[in-house]
Amino acid sequence: MAPPSSDIERAANLLKAHRASIDRLDAVLIYTLGERFKHTQDVGRLKALHDLPPSDPDRESQQIERLETLAREADLDPDFAKKFLTFIIAEVIQHHKKISGDH
């Protein structure tokens, strides 16, 4: 027996609302990453000007620990947060190497 049409409509409306929220959050994530990378590009230029290495393992470890803690507080899988940040750090290091090579 199929659910009443009013239940289906409510479910469709809830689905639509959840998807709209997801779309807004995706936009926030993308704009936030864009802003983050603007700052890391500035860091890369500073490192290049002062002959500092593109990678800073101590800082990276601190950031991973910090994000794992934030993930737990946000009820997000800390392993996922670590993978996500590790991916971002790898991208940042590539940007820093490119910037360093350009100077």
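Table for the structure above
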{"item": "Failed item in (1) at pLDDT 95 or above; (2) surrounded by 10 or more Cβ atoms within 10 Å (Cβ to Cβ), with Ile89 passing the rest", "result": "(1)"}
{"item": "Pairs where the first residue, in the range 51-62, is at positive phi and the second is at pLDDT below 95, C-beta under 8 Å, 6+ apart", "result": "none"}
{"item": "Selection count where residues are at pLDDT 95 or above and over 14 Å from the mean Cα position of the chain (by Cα), scope the range 63-73", "result": "3"}
{"item": "Single condition Arg36 does not satisfy, out of (1) modelled with pLDDT of 95 or more; (2) in contact with a helix residue (DSSP H, G or I) (Cβ under 9 Å, 6 or more places away or on another chain); (3) loosely packed, with under 10 Cβ neighbours inside 10 Å", "result": "(3)"}
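Let's see how each residue does on (1) charged (D, E, K, R); (2) out of contact with any Asp or Glu (no Cβ under 9 Å at 6 or more places or on another chain); (3) loosely packed, with under 10 Cβ neighbours inside 10 Å:
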site	(1), (2), (3)
His50	no, yes, yes
Pro53	no, yes, no
Ser61	no, yes, no
Glu65	yes, yes, no
Ala71	no, no, no
Leu76	no, yes, no
Lys82	yes, no, no
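The values are calculated or read from the model by the stated rules, or taken from the named source; none is laboratory data. This one's a predicted model, so the numbers in the text were calculated from it and none came from an experiment. Here the Cβ is made from the backbone with ideal geometry for all residues, glycine too, and neighbour counts use every protein chain on show.
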